[in-house]
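Notes follow once the structure below has been shown.
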Amino acid sequence: MLLKRYIPIAIVAFFGALTLSAWFIDNETIETFANDDATQFFDIIAAFAVFLGALNLLKLQFIKVLKQQSGWIYSAIAIASFFFAFIIGFFIRGAYFVGEDVYFSQKAAEAAILGSGSSEVVVPVDWGAHVQTDGSLFQWMFKYIFSPLSATMFALLAFFVASASFRAFRARNFEASLLLVAGIIIMLGRVPIGSLISSWTIMYILAFSIGIGINSYVKNRNVMFGWILGSCGAITGFGMTMGWPIDQPAIFFLPALQEWIYLVPNLAGSRAILIGIGLGIVATSLRYIFGLEKSYLGE
Amino acid sequence: MNNKFTVYALGIVGIVLLTLALSVMPDSLNFFREDKSAMFVFTLIVIMIMLYEVKLAKNSSEPIFLRTIPGLKAVEEAVGRSTEMGRPILYVPGIMDMNEVETVAGVVVLGHVANMTAQYETELDVPVARAIVMQSARQVTKEAYLTQGRPEMFNEDMVHYITDDQFAYAAAVNGIMQRDEPAACLYMGKFFAESLLFAETGNSIGAIQIAGTGSQTQIPFFVTACDYTLMGEEFFAASAYLSKQPELIAGITAQDIIKIILVGFILLLIVSRAFFDLGVTEFNLVTWLGL
């Protein structure tokens, strides 16, 4: 009980309080502990924990291959990739300089010298530096295997954004319709064509949309027709009398409208969420410091 | 109720006086950072309200009202659905390490989910992106299975490490989704760009999806692609909600009281700033507080 319950709670409470107090106490020792030492402790623990992770990964992948479970071929590729990266990271320098040229192996570098007949000598790259040296085997793997694969996964986002937007923008209810309209305004307002659409056009579209709303509510064609005719006439009349240019009235000009949506309702909503997140983090942290939350101990 | 607000009012006055006293101490004795006074006052107020609410909750026999959070109610539904379909539950505790409070919250919620999977005898799969998270999640899951009296069902490989790299992890988790077709996918923790990769793949396999995160930029993606989303503070309240312990629920009450105080404070700042800008007064609370 003491080891499994009270000591972990005491450690969390002590170090939590110490880290919190470092914000308010002007003391170099406490500050250094909170900002440097504690994070270094964490990094050291995390570095050693990677061994546990790697062993777990290998164990599971080997089991999959040995039992030929579904998708075992991917496990075989994972194991091969693991050992390839491990070997070229720890046992092969993979970079031999001949002047400014870099070769993966010493033999290749010597062959190049023999071929050119130059008086240069082969200089192997230092251990440690070999993983960051341009032209080394490790960097080659990073540049031509790892980065393209990561970029491929990242690129998938574009397609997923499209499919997710398609679902989100279906006008199923009032909120979804609002999202649809806001989305269209933001998208159009941020591309060059948006600034070519006059405020007048938007006002006409708005008048027609309100007409549709009136019709679905009153269900009377004459009323709807009267509204559309009246509102379009009023827009045209006002526009011609007052000589509105393409971007006037500014509230109906798409680039200005999208800017307003982005900076006012959107920012207000995200700040509200941000305040909630901040308070949630503070409350959660205090629950741990005061030992109120013990779920992390499995209780 | 009146007594409660008297305690809070007196407490706030006391905290402000203490801060002022610390600020005026002679330099030789002064260890207090005056530039952090506003934060210091706020922190002490939060601590005071939280501890007092917890004390009240412990002494009270009446249950504290907690509004229904659909996303958390749906967790049990998701476990039930997986049990009926005989398919596993996939739980992703984010991609960051245990130094992120969201990861800690995610691991805590995992404990509650593991309680349910142990109860319903449902398969649970927890791929993780950090080795320390793997150890913590294993411990929490093991305790949950022991608590439910099902230690034989616990297998430490149900929590397994994949990789620290963001997109490699996303690719592996998507592969697990495609191959194992879990009936429910739960994403609880800190997420970045991979959030939509998970949620859209989960959607394509027809899994019921519940997400919880404090990563503000990822919330819209989860809202779009998941069935339920715990937004920000709802996610941090999840542990209290699922545990139903009064002292933890009291923490949420404290959060709401602080929110009311903050709203009042923001309004006060707006009025003060407006009066200053209009030239009605020369005092500006915003500048005075150094905000």
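A short reminder: the numbers here are calculations on the coordinates, not readings from a lab. Computed from a prediction, not measured in an experiment: that's the story for all the values here. Cβ coordinates were reconstructed from backbone atoms using ideal geometry, including for glycine residues, and neighbour counts include every protein chain displayed.
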**Request:** Quick one: dipole size for the stretch B:70-243, taken about the Cα centre, charges +1 on Lys/Arg Cβ and -1 on Asp/Glu Cβ, in debye to the nearest 20.
**Result:** 100
**Asked** How many partner chain Cβ atoms sit within 10 Å of a residue's Cβ in peptide B:94-104, on average, as a whole number?
**Response** 3
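So if I place +1 on the C-beta of Lys and Arg and -1 on the C-beta of Asp and Glu, and nothing else carries charge, what would the dipole magnitude of the stretch A:93-168 be about its Cα centre? I want it in debye, nearest 20.
Roughly 500 debye, rounded to the nearest 20.
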**Among A:P124, A:L137, A:F97 the positive-end extreme of the charge dipole of the stretch A:83-172 (Cβ point charges)** = A:L137
**Item:** Under 13 Å from B:K4, Cα to Cα: aspartates and glutamates that are on another chain or at least 8 residues apart
**Value:** B:E53
**Fill in**
Taking a ≥ b ≥ c as the square roots of the Cα gyration tensor eigenvalues, with a/c under 1.5 meaning rounded and otherwise prolate when a/b beats b/c or oblate if not, chain B comes out prolate
**Request:** Starting with the highest mean, order A:246-256, A:121-131 by the number of other Cβ atoms within 10 Å, averaged over the residues of each peptide.
**Result:** A:246-256, A:121-131
**Request:** Name the most mobile residue of B:V263, B:V107, B:V54, meaning the one with the largest mean-square fluctuation, in a Gaussian network model of chain B with Cα contacts below 10 Å.
**Result:** B:V263
**Request:** Order the peptides B:246-252, A:53-59 from the highest to the lowest mean number of other Cβ atoms within 10 Å of their residues.
**Result:** B:246-252, A:53-59
**Bridge type composition, the protein assembly as shown - antiparallel percent by DSSP, nearest 5** = 30
**Prompt:** Under the definition of partner shielding as Cβ atoms of other protein chains within 10 Å of a residue Cβ, what is the mean value for peptide A:50-61?
**Reply:** 5
**Prompt:** So what's the back-of-envelope 222 nm ellipticity for chain A, counting only DSSP H runs of four-plus at -39500 (n - 2.57) apiece and dividing by all residues, rounded to 500?
**Reply:** -22500 deg cm²/dmol
**Fill in**
Toy charge model, Lys and Arg Cβ at +1, Asp and Glu Cβ at -1: chain B dipole around Cα centroid in debye, rounded to 20, equals 760
**Item:** Residue mean of other protein chain beta carbons inside 10 Å, B:131-143
**Value:** 4
**Prompt:** Of the beta bridges DSSP finds with both residues in the stretch B:70-243, what % are antiparallel, to the nearest 5?
**Reply:** 0
**Message:** Here is the link list: B:K190/B:K259; A:K59/A:K294; A:K294/B:K55. Which ones come out longer than 20 Å on Cα distance?
**Reply:** B:K190/B:K259; A:K59/A:K294
**Message:** With an 8 Å Cα cut-off and a minimum separation of 6 or more residues, compute the relative contact order for the stretch B:1-91 in percent.
**Reply:** 22
**Prompt:** Separation of the stretch A:235-260 and the stretch B:45-124 by C-alpha centroid, Å?
**Reply:** 51
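Relative contact order for the stretch B:70-243 using alpha-carbon pairs under 8 Å, separation at least 6, rounded to a whole percent?
Once normalised by length, the contact order is 27 percent.
Taking only DSSP H segments of four or more residues, each worth -39500 (n - 2.57), what value at 222 nm results for chain B once the sum is divided by all its residues, to the nearest 500 deg cm²/dmol?
Counting only the DSSP helices, I get -20500 deg cm²/dmol.
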**Item:** Rounded tilt (10° steps) of A:72-90 against the dominant C-alpha axis of chain A
**Value:** 60
